[in-house]
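Below is one structure; the comments refer to it alone.
The values are calculated or read from the model by the stated rules, or taken from the named source; none is laboratory data. Here the structure is a predicted model, which means the values were calculated and not measured. Ideal geometry is used to build each Cβ from the backbone, glycine not excepted, and the neighbour counts take in all protein chains shown. SASA here: full protein model, heavy atoms, side chains in, ligands and nucleic acids out. Shrake-Rupley method; radii C 1.70, N 1.55, O 1.52, S 1.80 Å.
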Amino acid sequence: MKSNCLAMEQCKSIALIDSGVGGLTVVKEIFNQLPNEKIVYFGDTAHMPYGPRPYEQVRGFVYEILDFLKTQEIKLVIIACNTATSAGLHYYQEKTELPLLGVIEPGVRAALGQTRNNKIGVIGTTGTIKSGAYQDVFNRFAPEVRLYSQPCPLFVLIVENGLVNSPEAVRVAEEYLQPLKKAGIDTLILGCTHYPLMAEVIEKVMGPGVKLISSAEETAREAKRVLAEKGLLSGNGKAMSGHRFFVSGPAKPFADLAQNLIEGTIKVYQVILPW
Ligand code: DGL
């Protein structure tokens, strides 16, 4: 039988790590842009939200997940979480020889491709905004940009609890986004992978003049580029099966939420982490 995936390394999966369902926004883009690839997803739901936690603790969780991923056949790791990315991508790279991507630089690149007035907003968890990670990347890539940052800690809980379409979601969004509306930004980075799941509400509050940026698309593009460069892209033929979803909390609530975001039935397994 002819295989679509001849070399062993190319057959391995892309791993994505997030605290919950947020990283699925990146998974969706991987499915769009890299339909031949298999993914292994880890949602650390037992420790969600990451946003209010100290950076060392978030890094500790990611280390545990990277250890777990050694039991899987992985060729690339995507930290599909802004909070974990801002807690220090280079720390994770010290723990693994696999190529590793975060979501912050891709988001910044996408925003720079959109802004006309160089006034860009970024919303994220408290951890992400406090880290100054976005400002650091703008300082390197485009110091002329004026960045307006706003933490929106409740958004993650709204998404994880399935409340995106509730009146509370609109109320909370109006309050959080007010300062960014006043600032006259023309581009808004959704600096948390959960936030694209609230895009409709955010768009409504910000109005048609503000372009929303999700780093998912650009991250998937970067994943494709890295895999191609290393000769690790899988062969032709859609990866019909073989995707694996793991969570550190109960499987059912995650599966129910994920089912609405990802087409097809997915199997979710619970893994108990040492922490
Ligand atoms: N989706 C994550 C992020 O991009 C984590 C949110 C959280 O757990 O607080 O920051």
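The table below gives the values:
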{"item": "Residues satisfying the stated conditions in region 121-179, i.e. within 23 Å of L24 (Cβ to Cβ) and among the charged types (D, E, K, R)", "result": "E160, E168"}
{"item": "Helices (runs of 4 or more DSSP H) wholly inside region 106-202 that include at least 1 residues being of a type in the set (F, W, Y) and without any contact (Cβ under 8 Å) to a residue 60 or more places away in the chain", "result": "133-141, 154-160, 167-183"}
{"item": "Residue in region 4-20 that is modelled with pLDDT of 95 or more, in a strand (DSSP E or B), among the small types (G, A, S) and under 23 Å from R221 (Cβ atoms) present", "result": "yes"}
{"item": "Residues of region 120-153 classified as more than 10 Å from the ligand (Cβ to nearest atom), hydroxyl-bearing (S, T, Y) and surrounded by 21 or more Cβ atoms within 10 Å (Cβ to Cβ), total", "result": "1"}
{"item": "Of all residues making up region 50-66, the number that are out of contact with any Leu (no Cβ under 9 Å at 6 or more places or on another chain) and part of a helix (DSSP H, G or I)", "result": "8"}
{"item": "Candidates S248, S215, filtered to the one that is open to solvent by less than 30 Å² (accessible area, probe 1.4 Å), within 16 Å of the ligand (Cβ to nearest atom), of a type in the set (G, A, S) and closer than 16 Å to G124 by Cβ", "result": "S215"}
{"item": "Within region 97-119, considering residues that are β-branched (V, I, T) and within 20 Å of the chain's Cα centre (by Cα), the one nearest to the ligand (Cβ to nearest atom)", "result": "V103"}
{"item": "When residues of region 46-83 are limited to those that are more than 9 Å from the ligand (Cβ to nearest atom) and among the polar types (S, T, N, Q), the one least open to solvent (accessible area, probe 1.4 Å)", "result": "Q72"}
{"item": "For V40: the one exception among (1) more than 16 Å from the ligand (Cβ to nearest atom); (2) buried (at least 19 other Cβ atoms within 10 Å of the Cβ); (3) more than 22 Å from H243 (Cβ to Cβ)", "result": "(3)"}
{"item": "Test: residue in region 15-34 that is open to solvent by less than 40 Å² (accessible area, probe 1.4 Å), under 21 Å from Q270 (Cβ atoms), touching a Lys or Arg at 6+ places or on another chain (Cβ under 8 Å) and within 9 Å of the ligand (Cβ to nearest atom)", "result": "no"}
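To keep it simple, each residue is scored yes or no on (1) open to solvent by 30 Å² or more (accessible area, probe 1.4 Å); (2) within 16 Å of the ligand (Cβ to nearest atom); (3) over 19 Å from I17 (Cα atoms); (4) over 22 Å from the mean Cα position of the chain (by Cα).
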site	(1), (2), (3), (4)
L163	yes, yes, yes, no
E168	yes, no, yes, yes
K182	yes, no, yes, yes
G207	no, no, yes, yes
